[in-house]
Amino acid sequence: MTTSRAMTAVLSVGETRRPVLGHAALAVLGVVCIFPIYWLYATSFRAPEDIYSLSPFPWPLSGANYATAFQVLDIGGLLLNTTVMAVGIALGQLLTGLLAGYAFAAWEFRGKQLLYLVFVATWLVPFQVTMIPNYALLSQLGVLNTIAGVVLPSLCSALGVILLRQHMQGFPTELLEAARLDGRGSWATLWTVVVPNLRPALAALGILLFVNAWNEYFWPALVLQRSNAVLQLGLRSFMGSEGNDWGPMMATAGMACLPVLLLYLVLQKQIVNGFVRSGLK
Amino acid sequence: MSRIQIEGLTRRFGQVTAVDHVGIDIPDGDFLVLLGPSGCGKSTLLRMIAGLTPPSDGRILLDGRDITHIPPRDRDLAMVFQSYALYPHLTVARNIGFPLRARRRPRTEIDSRVETVTRVLGLGELLTRRPRELSGGQRQRVALARALVRDPGAFLLDEPLSNLDATLRTATRAELTELHRRLGSTFVHVTHDQVEAMTMATRIAVLNRGRLEQVGTPSEVYDAPATTFVAGFIGSPAMGLLSARLDLVDGGLYARAEGVDLPVGPGDPEDGARQVLVGVRAEHLALVAPSTAPLRGVVRLVENLGSEEVAHCLVGEARLTVRGPRPLGLAAGDSVGLTTDPEHVHLFDPGSGRRLVRTPTPVTAVQS
Ligand SMILES: Nc1ncnc2c1ncn2[C@@H]1O[C@H](COP(=O)(O)OP(=O)(O)OP(=O)(O)O)[C@@H](O)[C@H]1O
Ligand SMILES: [Mg+2]
């Protein structure tokens, strides 16, 4: 009796120590991840003369950098433009991914494997290879310097197709067959059976694509030569040959991060679900 | 009204022939059970009837109309899948109404049909639940309700009871039979469970490796199995089969082998010296004194089933099982003598495995 009690005591010490160590490691990792973001916001709230201060807390708080940012840039307009661009790209990629993924997962047709390989291959082609042809095409279409020009070549992403095909392959075939017997066509089955059941995956992927598009710098910079079209380009206004104007830049960057952070907070559960499931499949 | 005629239906998957020239005529109102071991092509056959798998060859007629190339939605057939295939994102009520909504029926009609069907199947309280909040039995009912709601000409059921526990299965079996009686529709029910087949079917179609072995009422299939496969597959314990040679003595035929000298009824001279397989069901064997018995062997194992006992005996090289009220008074290692009535002896052709019928005239192979 006594020995067994001693044993459980030993065991429980061992069992509690491991989670403590794990949590400590995770906490350190979390701090490392969060620190740059914290520093960004901290810097943005410093008074302009304290901008190089290394004190961890910005005190006294100052909104001067934000005021400068709003003076120099049309933040509202940039925000709107960026949103239109990112939402356009994310929705476009989601839609094409959905349709192509559905075809690859649910249909049998000649050359399916080959076509899929080609899709995967486009994913492996570096951006720099397609950049010039795309640019030339946009110039011929006369959509350079427009948001549409940024969105158009990004409407289809191989990543979206690959991930959605993967999700749909895990989708029970019997459900699709039941819908067929119940009288739904292929198109209606996609929208009334597949999409509602893939909502977590679609939400997760949609956010991923949105964030990617939102953070895109190089391609918009190429297409939109006017520097004040989207937020990420607006940041350039604070880079000068005499040095960078860090305060307003951090303020603008802070505002550029906000929509993504908010989106994550609102849809957190769906995102985590989506990634967990795609991991299990 | 739905008579389903299947003619020469074949389906190949690469090298595998899953269904091989199957022909069945299923009259309106029949409860046909497709029975066979795992992988024999039952599901493939059912899916071809439903229109989910295109046949490689052959035809399917529904009330005389060729539906081989008609899409599933226009076939007037409803199917219940083994996994039930309920739409996870819809409530029970919306799951049941799905086929009607897909066919763009008016709202009022949908509501009243769903209401009727749920009342019939006792699903009233579950209407607002999602499939994942239901038990296996409840899911099975919802799947059935979704098939019923369309009022189809025929129901196709792919092992709908296999996910239920034993008690529920027995209850649901009776309910399905009752439903069939009340609706009078045609049912095609796939199972590998012979008890299900025997209790529910008006007719059983036994499949083996994609081929149709026999179609008949449960008693026909049990009492006069057309092949050795059917003889061995239906009945528990399985019918024992022993190879023997027929001898004609004074107009009477005897099956003879090591330990076997069994009268099998009258015969003609041309039947003498013929090699046959002799089959006798366990319940038709009786114990007699070993010294003079027509079948003499050794007991290998005695199983206690509670009310009965089953003794597995070795006669020559063959295994025969005897079954009777407990106690049989046998133990492993005992010598045993068995006898049976000539009318309970089944004879099969050892080459083709087909049943040999004793007509008033000689023993001849069944014409297939
Ligand atoms: N889509 C397919 N591709 C290739 N082979 C298949 C396919 N579907 C079925 N088969 C093969 O056809 C044969 C019959 O399969 P089927 O599913 O009809 O058997 P079953 O009688 O329903 O078996 P079970 O009782 O296990 O469900 C099997 O050998 C199977 O491997
Ligand atoms: Mg099957």
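Classify the stretch B:233-365: rounded, prolate or oblate, from the alpha-carbon gyration tensor (a ≥ b ≥ c, eigenvalue square roots; a/c under 1.5 rounded; otherwise prolate if a/b is larger than b/c)? Could the numbers behind the result be given before it?
On the way: a/c = 2.21, a/b = 1.77, b/c = 1.25.
It comes out prolate by the Cα gyration axes.
Percent of Cα-Cα pairs per 10 Å bin, from 0 to the last occupied bin, for the stretch B:62-214, please list those.
10, 38, 36, 14, 2
Per DSSP H run of n ≥ 4, the term is -39500 (n - 2.57); total these for chain A, divide by its residue number, and report the mean residue ellipticity at 222 nm rounded to 500 deg cm²/dmol. Working shown, then result.
Details: 13 runs with 204 residues, N = 281.
One gets -24000 deg cm²/dmol as the mean residue ellipticity at 222 nm.
Taking only the alpha-carbon positions of chain B and ignoring solvent, what does the Debye formula give for the base-10 log of I(q)/I(0) at q = 0.15 Å⁻¹?
For the requested q values the scattering log ratios are -1.21.
Work from the charge dipole of the stretch B:233-365 (Cβ charges, +1 for Lys and Arg, -1 for Asp and Glu, about the Cα centre) and give the residue of B:Val310, B:Gly252, B:Leu347 farthest towards its positive end.
Value: B:Val310.
Output the antiparallel fraction of DSSP beta bridges having both residues in the stretch B:4-225, as a percent to the nearest 5. Before the final figure, lay out each step's value.
Working: 19 of 37 bridges.
Rounded to the nearest five, the antiparallel share is 50 percent.
Let me check I've understood the local charge: for B:Pro55, count other residues with C-beta under 11 angstrom from its C-beta, Lys and Arg +1, Asp and Glu -1. What total comes out? Could the numbers behind the result be given before it?
Numbers: positive: B:Arg11, B:Arg12, B:Arg47, B:Arg59; negative: B:Glu7, B:Asp57.
Taking every Cβ under 11 Å from that of B:Pro55, the sum is +2.
Taking the alpha-carbon set of the stretch A:47-197, what are its Rg and Dmax in Å?
Values for the stretch A:47-197 (Cα only, Rg and Dmax): 23.0, 72 Å.
If the convex hull of the alpha-carbon atoms of the protein assembly as shown is projected onto planes in all directions, what is the mean projected area in square nanometres? The partial results should precede the final answer.
Values: hull surface 190.1 nm².
The Cα convex hull of the protein assembly as shown, projected and averaged over all directions, gives 47.5 nm².
Based on Cβ point charges of +1 for Lys and Arg and -1 for Asp and Glu, what charge dipole magnitude is obtained for chain B about its Cα centre, in debye rounded to the nearest 20? Provide the component values of the computation, followed by the final result.
Values: 43 positive and 42 negative charges, 426 e Å.
Using only the charged Cβ atoms, the result is roughly 2040 debye.
For the protein assembly as shown, build the charge dipole from Cβ charges (+1 Lys, Arg; -1 Asp, Glu) around the Cα centre, then report which of B:Gly39, B:Thr167, B:Leu90 sits farthest towards its positive end.
B:Leu90
Angle, helix B:166-183 long axis vs. longest principal axis of chain B, Cα atoms, 0 to 90°, nearest 10?
So the helix axis and the longest Cα principal axis differ by about 70 degrees.
Let a ≥ b ≥ c be the square roots of the eigenvalues of the Cα gyration tensor of chain A; is it rounded (a/c under 1.5), or, if not, prolate (a/b larger than b/c) or oblate? Please report the intermediate quantities before stating the final value.
On the way: a/c = 2.48, a/b = 1.07, b/c = 2.32.
Cα axes put chain A in the oblate bin.
Using a simple spin-label model with points 7 Å from Cα along the Cα→Cβ vector, what separation in nm is obtained for B:Val357 and B:Thr292?
Reported label-point gap for B:Val357 and B:Thr292 is 3.6 nm.
Relative to the longest principal axis of the C-alpha atoms of chain B, give the angle of the C-alpha long axis of helix B:107-121, reported between 0 and 90° and rounded to the nearest 10°.
Rounded to the nearest ten degrees, it is 30.
For chain B, what is the calculated [θ] at 222 nm in deg cm²/dmol (nearest 500), taking -39500 (n - 2.57) for each run of four or more DSSP H residues and dividing by its residue count?
Values: 8 runs with 85 residues, N = 368.
Dividing the helical sum by the residues of chain B leaves -7000 deg cm²/dmol.
Among A:Tyr66, A:Tyr135, rank each residue by its count of other Cβ atoms within 10 Å, from fewest to most, as a rough exposure measure.
Working: A:Tyr66 19, A:Tyr135 16.
With the sparsest Cβ surroundings first, the list reads A:Tyr135, A:Tyr66.
Only counting other Cβ atoms within 10 Å, I'd like A:Arg236, B:Arg354 sorted with the fewest neighbours first. Kindly include the intermediate steps, with their values, before the conclusion.
Working: A:Arg236 13, B:Arg354 17.
Arranged by neighbour count, lowest to highest, A:Arg236, B:Arg354 become A:Arg236, B:Arg354.
Could you size up the charge dipole of chain A around its Cα centre, putting +1 on the beta carbon of Lys and Arg and -1 on that of Asp and Glu, and report it in debye to the nearest 20?
Details: 15 positive and 11 negative charges, 176 e Å.
Using Cβ point charges on Lys, Arg, Asp and Glu, chain A gives about 840 debye.
Cβ under 12 Å from B:Leu328's Cβ, B:Leu328 left aside: what net charge do those residues give with Lys, Arg +1 and Asp, Glu -1?
On the way: positive: B:Arg323, B:Arg326; negative: B:Glu303, B:Glu308, B:Glu309, B:Asp334.
Summing Lys and Arg as +1 and Asp and Glu as -1 gives -2.
To make sure I understand, if each residue's beta carbon is the centre and we count other beta carbons within 10 Å, what order do B:Met198, A:Met168 fall in, fewest to most? Walk me through the numbers on the way to the answer.
Numbers: B:Met198 17, A:Met168 21.
Listed from fewest to most nearby Cβ atoms, that is B:Met198, A:Met168.
Taken together, the values in this text are just the output of simple stated rules run on the coordinates, not laboratory data. Quick caveat, the model's predicted, so the values are computed rather than measured. Cβ: placed from backbone, ideal geometry, glycine included. Neighbour counts: every protein chain shown.
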